[in-house]
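**Q** Quick one: the structure is below, and I'll ask about it shortly.
Nothing in this text is a laboratory measurement; each read-out follows from the coordinates by a stated rule. Everything numeric here is computed off the predicted structure, so don't read it as measured data. Using ideal geometry, Cβ is built from the backbone for each residue, glycine included, and neighbour counts are taken over all protein chains shown.
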Amino acid sequence: MPSVFIKTYGCQMNERDSEAVAAQLVAKGYSLAKSEAAADVVLLNTCSVRDFAEQKAINKMKNVVGTARSEKRNQIVGFLGCMAQSRGRELIDKLPDVDLVLGTQKFHRAAEYLDELLAGKRKKIVDIETEAKSEATIREHLLNGSAKTSVSAFVSIMQGCNQHCTFCIVPATRGEERSRTIPDIVAECRELVARGVREITLLGQIVTSFGKRDYHELAGKSAFVQLLDAVHEIDGLERIRFTSPHPKGYGDDLVEAYARLPKLCESAHLPLQSGSDRILKLMHRGYTREKFLGIVEKLRRAKPGIGITTDIIAGFPGETEEDFELTLSLCHEAQFDNAYIFKYSQRRDTPAADMADQVPQAIREERNHRLLELVNEIAGRKYDGFIGRQVEILVEGPSKKNAARYTGRTRCNRIVLFDGSARHQGQLMDVKIERTGSFTLYGDPAILE
Ligand code: 5AD
């Protein structure tokens, strides 16, 4: 049977989609290749959120087909996911060696299409149609395929986003919001736990909007909090996480859930994007600076020690130095535990791409740099605050960089490295933090008195 190599760009949703495609192919008898050179099929699961991510995948594809051609190897190659969805056939016009372009609602057809291509029944396949109920088709899991996934798994709960932030291509690549049902999600989680999973991350482009159209509020609880309650009841499950939420989804019901549900890890990703109300409005974010800071405060009150991370865009169209300084000052106030900073990137067919006052590239870079310095300094101080403390980690497996070290995560989602062995794998254990590295904590298995 043929072998397949899948490379993933972008977010955890993409990781999950790749995993489901890999599991689907393994179930059909494919093997997973260690590198693209050794594979009969190479699939690049792509990201469109910034131009840089698209260019990386396109260059990689050029490389893959160039090498295969020079070595006279017959390889089937394809683009999957977000860039496949937004660019479609254009990708084959640009790179005629590409055989398959598979959109975000069609991952479940990967095996069938590859069979046809490998058998020579079809020469090229482009499928980027929408498909009703495709939100429920990402089901297969590759447990034990990698160390990490056997203790910790991702479960897709919804697809798409209706928020229409003016900078964002996601509504075009992932479509309208569609949610799975609570019983369907709980059944998948139960099955994973029965197979040894102890931590589940619920995934979607805007998880806090889960089930809005399908479920009524119950006793003040949104559909998303009802889902958290249902997943929380699964015996044997130790930790629950979710991503990505929208700040406006942090109503009192969700904030209370952190205090009420012991399995819900004290970690929240709150994408800020900007600290200026004027820019937030232009971005169509649906909250103000004050509202955002209010959420941070509520969360820290409900769960002291909660890890709060964020995303920020530097150089959105029309952003003045004054607007940018408001973002800096918000970072001082919010004291994020970690922050991901992005230079604004014009995306096709998004309202912001056509806004006047595009910020010159050099200024985007300069602001990106200033913001990074600030958030990294704050994050570094927060990391240092862990030295000497004892924390609980869930051990995922050997570290990729150094197999003598094992890696786990704290409940507030920080990576911890320690000298471990196979017997630690999958364990919840306490470690004492001895020192910090860049975005990493180094621990020693704690001797409990
Ligand atoms: N340019 C730069 N960053 C962007 N993001 C989304 N769209 C863009 C864009 N056009 C960032 C946002 C989002 C994260 C996933 O990517 O900060 O939260």
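**Q** Over what distance in Å are the Cα centres of the stretch 324-351 and the stretch 110-136 separated?
**A** Here the answer is 38 Å between Cα centres.
**Q** For the chain, set up a GNM with springs between Cα atoms under 10 Å and report which of 368, 14, 402 has the largest fluctuation.
**A** 402
**Q** Same structure again: When ranked by the protection proxy of mean other Cβ atoms within 10 Å per residue, highest first, what sequence do the peptides 409-422, 373-386 form? List each step's numbers first, then the result.
**A** Values: 409-422: 18.9, 373-386: 15.9.
Per-residue mean Cβ counts within 10 Å order the peptides as 409-422, 373-386.
**Q** Further, regarding this structure: Sort 157-165, 268-276, 50-58 by packing, meaning the average of other beta carbons within 10 Å per residue, with the highest value first.
**A** Working: 157-165: 20.3, 268-276: 23.0, 50-58: 17.1.
In decreasing order of mean packing, 157-165, 268-276, 50-58 become 268-276, 157-165, 50-58.
**Q** Something else: By the 4.7 Å beta carbon criterion, which cysteine residues of the chain come out unpaired?
**A** 11, 47, 82, 161, 189, 265, 331, 412
**Q** How far is it, in nm, from the label point at residue 349 to the one at residue 74 when both lie 7 Å from their Cα along the line to the Cβ?
**A** Spacing of the two 7 Å Cα→Cβ label points: 3.6 nm.
**Q** By DSSP, what percent of the beta bridges with both residues in the chain are antiparallel, rounded to the nearest 5?
**A** So the antiparallel bridges amount to about 35 percent of the total.
**Q** I've got another one for you. So for the chain, averaging the separation of alpha carbon pairs under 8 Å that are six or more residues apart and normalising by length, what relative contact order in percent results?
**A** 10
**Q** If you average 1/r over all unlike Cα pairs in the chain and invert the result, what Kirkwood radius do you get in angstrom?
**A** Kirkwood radius, the chain: 23.2 Å.
**Q** Of 62/401; 72/106; 106/221; 34/400; 7/382; 343/401, which sit over 24 Å apart, Cα to Cα? Working shown, then result.
**A** Details: 62/401 28 Å; 72/106 30 Å; 106/221 33 Å; 34/400 14 Å; 7/382 33 Å; 343/401 28 Å.
Going by Cα-Cα distance, 62/401; 72/106; 106/221; 7/382; 343/401 fall outside the 24 Å limit.
**Q** About the Cα centre of the chain, what is the dipole size in debye to 20, counting +1 per Lys and Arg Cβ and -1 per Asp and Glu Cβ, all else neutral?
**A** Charge dipole of the chain: 880 debye, to the nearest 20.
**Q** Sticking with this one: In a shell of Cβ-Cβ distance under 15 Å around residue 66, excluding residue 66 itself, what net charge do Lys and Arg (+1) and Asp and Glu (-1) give?
**A** +3
**Q** Test of understanding: in a Gaussian network model of the chain with alpha carbons linked when under 10 Å, which of 403, 68, 219 would top the mean-square fluctuation ranking?
**A** 219
**Q** Taking each pair of distinct Cα atoms in the stretch 386-449 once, what is the resulting Kirkwood hydrodynamic radius in Å? Kindly include the intermediate steps, with their values, before the conclusion.
**A** Details: mean 1/r = 0.0886 Å⁻¹.
Averaging 1/r across every pair of different Cα atoms and inverting gives 11.3 Å.
**Q** Sequence neighbours fewer than 8 away in the same chain don't count; with that in mind, list the aspartates and glutamates whose C-alpha is under 18 Å from residue 281.
**A** Reachable aspartates and glutamates: 290, 311, 319, 321, 322, 323, 325, 354, 357.
**Q** Could you work out [θ]222 nm for the chain from helices alone, using -39500 (n - 2.57) per DSSP H run of at least four and dividing by all its residues? Round to the nearest 500 deg cm²/dmol.
**A** Values: 14 runs with 158 residues, N = 449.
It lands at -10500 deg cm²/dmol.
**Q** Could you quote the convex hull projected area for the stretch 144-217, Cα atoms only and averaged over all directions, in nm²?
**A** It is 6.1 nm².
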